[in-house]
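Notes follow once the structure below has been shown.
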Amino acid sequence: MANISKTLIILLLLFFFGNRTVSAQVGMVGQEIGIVAGPVAYFSDYGLRWNAETNSSNTGLGVGLVYYLNFAYKADCDCYARYTYFNDHFRIRAEVDYHEGELNHYGPIAKKDTDGGKKLRAMIGQAKVFEAGAHLEYYPLSIRDYTAFAYPIAPYVSLGFNFVNFDPYTYSTLEGPLEDNLFHTFRGYVSQEAGSTWSVVAGAGMRYKLNVVSDLVMNLQWRYYDTDWLDGLDHDNPQNKFNDMMFWLNFGYIYYLNF
């Protein structure tokens, strides 16, 4: 957790205090900042991946800071930029966010009143994840027209990559060392070590126009990680076909800096 905290502090300082440097370099581009938050759902080695109870229960909460470059608007003259399709339909979003949640085993075996079932129910994991990255957002409708209140809602899709720092933790509510209380499938496949990786991020959402300088935003993201250790758990059994994944539904507020 210490590594995550240090990284978060450094990037937050760069995010806020580095904004002056960014503004000088992209002074001709509109800029926006915002904050988002919402529930996350982890698809990991805890429980059964496509089990309804697992998917609805292995959840947590995420919060994030976002920064946009709006190419449809010119900050140096308070006017619209020269029209191009890219300027009027794309934004670049940079974001830093943190999410965490508790993970439990669900499914038919975990429900049994057997030694294995008891060990599965007693095994609890915690995912603590920090991410920072950049995404390209595509708006089918005109960003210019949306800014001018031609319509109140602007849908979009996005694609990007994140740098990921994770710090898993696993424990058992049964007495004795964790290794002695593990379900046989996971013996030798539990890690308490923090690590780094990257994720592919695909998303879809929409903005709602509040006023000239602010929007509300709703966004659903799917993140696929280049590791299976995000939850601190991995194994070589046939059912373990994918790396860890996460879905994040977030809601937020966006403020236009240059309007």
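Couple of notes before you dig in:
- Percentage relative contact order, the range 122-259, counting C-alpha pairs under 8 Å, at least six apart: 25
- D (Stokes-Einstein, µm²/s), Kirkwood Cα radius, the range 68-175, 0.692 mPa s at 37 °C: 183
- Classified by the C-alpha gyration tensor, the range 162-259 has a prolate form. Its axis ratio a/c, with a ≥ b ≥ c, is 1.5 or above, and a/b is larger than b/c.
- Its Cα centre serving as origin, the range 158-259 has a Cβ charge dipole (Lys and Arg +1, Asp and Glu -1) of approximately 760 debye.
Taken together, the values in this text are just the output of simple stated rules run on the coordinates, not laboratory data. Only a predicted model underlies this, so the values are computations on that prediction, with no experimental measurement involved. Glycine also receives a Cβ, built like all others from the backbone with ideal geometry; neighbour counts cover every protein chain displayed.
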